[in-house]
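Values in this text are rule-based calculations from the coordinates and carry no lab data. Since this is a predicted model, take the numbers as computed values, not measurements. We place every Cβ from the backbone using ideal geometry, glycine too, and count neighbours over all the protein chains shown.
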Ligand code: C2E
Ligand code: MG
Ligand code: MG
Ligand code: MG
């Protein structure tokens, strides 16, 4: 980073930026087309009750594979759709598909859907989401919406209004990626959440360091006091599952219990689990 290289650096950077812009525009166009052509898909990952190991719901996760671009991660294309102003149409397609698929599941299972920060800044979001749910015929009391601290921070007043309108309709709201944002504790007091999802960053280090274990223990006990449910994200093996159970964490999600899978595979997963349940009765 010496001064001597300064000018050259700037040229390199501006070329890189131009390249990135070009790629972003390429992704934007492909994604806009994919939405119209109904090629954006949604997968489902099981969320389990750690006390009984039974499935209690699924989180919907957007999936998109383009013929030219290949697989593009939702952590790339969701923010892009927000920046370029078409998150609404993307979210609408995704929620419609997810709710439609969830209609075939056993009635006691919930559907969890991620809301983006841009959606939490738009006062029309609650009525828009509720009307999709209504059109599909999905019970709003089986719907959960995941929001992040960063999203809540952007415009807390509007976000709070959206959340309370949704909760009034019976929708539950969970705080996603807990522990990675800022001023977490104040948010928990000011907002009415139903659930907290502990970020994978803590779970993945639980076997390696004691600090993560203490942090999870503290989150669990705080949530007990606040009457919030807790989900541990990113449980990848049996040892992690056992530790989290021992720490009193109520729910879990991760590759150990199931990777995100499409609607058909999810139905198969459910029929297998329910056959086991029926057999053990
Ligand atoms: P998220 O909501 O925190 O979702 C959890 C992510 O962790 C998912 O990544 C999931 O596939 C991954 N995951 C689950 N279990 C494990 C595990 O055991 N190990 C590891 N290594 N990973 C695990 P994914 O599907 O790539 O999504 C990334 C992020 O993109 C999501 O984070 C969410 O913020 C966003 N996203 C995905 N779908 C949607 C959507 O439909 N709408 C919005 N607004 N955002 C979405
Ligand atoms: Mg999530
Ligand atoms: Mg998360
Ligand atoms: Mg995340």
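Shape call for segment 202-281 from the C-alpha gyration tensor, a ≥ b ≥ c root eigenvalues: rounded (a/c under 1.5), prolate (a/b greater than b/c) or oblate? It comes out prolate by the Cα gyration axes. Helix 87-102 and the long axis of the chain differ in direction by around 30°, with both axes built from C-alpha atoms. Binning every alpha carbon pair distance of the chain at 10 Å from zero, what are the percents per bin? Percent of Cα pairs in each bin: 6, 26, 32, 24, 9, 3, 0, 0. Compared with the dominant Cα axis of the chain, that is its longest principal axis, helix 74-83 is turned about 60°.
Estimated purely from DSSP H runs of n ≥ 4, each contributing -39500 (n - 2.57), the mean residue ellipticity at 222 nm for the chain is -16000 deg cm²/dmol once divided by its residues.
Against the main long axis of the alpha-carbon atoms of the chain, helix 210-225 sits at an angle near 60°. Remark: the residue 38-residue 218 segment gains 60.4 nm on full extension, using 0.36 nm per residue and subtracting the alpha carbon distance.
What's log10 of I(q)/I(0) for segment 168-239 at q = 0.15, 0.17, 0.19, 0.20 Å⁻¹, Debye sum over Cα points only, no solvent? The calculated log intensity ratios at q = 0.15, 0.17, 0.19, 0.20 Å⁻¹ are -0.50, -0.63, -0.77, -0.84. Convex hull of alpha carbon positions in segment 97-247: directionally averaged projected area 9.4 nm².
With both residues required to sit in the chain, DSSP beta bridges show an antiparallel share near 45%. Using r as the Cβ-Cβ distance of residue 141 and residue 269, and R0 as 30 Å, what FRET efficiency do you calculate, to the nearest 0.05? That pair, residue 141 with residue 269, gives E of 0.80. Of all beta bridges that DSSP places with both ends in segment 1-155, some 65 percent have antiparallel geometry. Debye-formula intensities of segment 27-66, expressed as log10 I(q)/I(0) at q = 0.22, 0.29 Å⁻¹, are -0.68, -0.91 (one equal scatterer per alpha-carbon, no solvent).
Find how many whole Å separate the alpha carbon centroid of segment 57-111 from the alpha carbon centroid of segment 197-249. Centre-to-centre distance over Cα atoms comes out at 27 Å. Extension gain, residue 92-residue 109: 0.36 nm per intervening residue step, less the Cα-Cα distance, totals 4.0 nm. Relative protection proxy for 112-120, 210-218, from highest mean packing down: 112-120, 210-218 (other beta-carbon atoms within 10 angstrom).
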